[in-house]
Amino acid sequence: MTGNPTYSKDEKKVIKVHKKAYQEAHDTAGRDGVVQNMILLDLLAFYKRTNHPCANAVEGDVGIVKELKEWMSNNWQKTATAKDNEDMKVNIAIIVEHMFQDRVDETMRDLVGVEELGQDPQREFQLRNCAIKMVRKSLSPEEMVSVNAKKAQVASAGNPPEKQCTYVHLLFTHLLSTVCGGY
C-alpha cells in the first residue's frame, strides 16, 4: 500500500472500533500504540479471516502503520467542544498595560523623549509594545504572579461589563460610520 490510503467499508468498520481510543490518546506515542497494538492487529485478523490478498503483506509492514496514521489524522480530527474553547484568549501585554499604566506611560515618555504624552501619537503608537515589554521585564516575581492571576481571571470570566460596553460602543460607532456614513 502506498500513497493516499483508501479503505473498504468493511475495513473501515474494523478500524472505527478504535476511534475513541485513538482520539483520547494524549500524544503521538499513545496514538502509535493504538495503531500498532489494536488497529493493526484487528485489521490483520480481518485480512486473514477474509483471505484478503493483503493478509501476508501487511504483517510487519511499517508503511501500513504510516498510512493508517495518515488516514486517521485526516478523517478523525478531534472536534473542539465548548469546554475546549471556554476561556477567551488574553494578551498578557494588555493586562500589564492596564495594571501598570503609570510605568508604561513613564517608559513611553522616556522612549519618545517628551515630558507629556500626546505630542507625537504616531511615534507613541509605534513604541507602545516596546514600552509594555520593558515594563513587563522589570516586574518583580510577585507582580508577575498578580499579572498571571489577573490574566487567568479575565480569560475565564471575560472582560468586566464596563469594558464590554466600551467595546460595544466602539463597534457600533464603527458600524454607523462605515455603513451609514456617520451619525
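The values are calculated or read from the model by the stated rules, or taken from the named source; none is laboratory data. Worth saying up front: this structure is predicted, and the values here are computed from it rather than measured. Reconstructed Cβ throughout: ideal geometry from the backbone, glycine too, with neighbour counts over all protein chains shown. The accessibility values were calculated without ligands, DNA or RNA, using every heavy atom of the protein model including side chains. Shrake-Rupley method; radii C 1.70, N 1.55, O 1.52, S 1.80 Å.
Inside the range 120-148, residues that are over 13 Å from Glu97 (Cβ atoms), among the aliphatic types (A, V, I, L, M) and open to solvent by 70 Å² or more (accessible area, probe 1.4 Å) make up a count of 1. Among residues of the range 138-152 that are in a helix (DSSP H, G or I), those with a beta-carbon under 9 Å from a residue that is surrounded by fewer than 12 Cβ atoms within 10 Å (Cβ to Cβ) at least six positions away or on a different chain give the pairs Lys151/Asn91. Residues that are modelled with pLDDT under 85, of a type in the set (Gly, Ala, Ser), closer than 30 Å to Thr28 by Cβ and surrounded by 10 or more Cβ atoms within 10 Å (Cβ to Cβ): does the range 170-177 have at least one? No - not one qualifying residue is present in the range 170-177. Mind counting the residues in the range 92-125 that are part of a helix (DSSP H, G or I) and either without any contact (Cβ under 8 Å) to a residue 40 or more places away in the chain or of a type in the set (Ser, Thr, Tyr) (or both)? The qualifying residues number 20. Looking at the range 153-164, which of the residues that are within 27 Å of the chain's Cα centre (by Cα) and in a helix (DSSP H, G or I) is modelled with the highest pLDDT? Filtering first and then ranking leaves Gln153. For the range 43-99, the candidate set comprises residues that are acidic (Asp, Glu) and modelled with pLDDT of 75 or more; within that set, the residue that is most open to solvent (accessible area, probe 1.4 Å) is Glu70.
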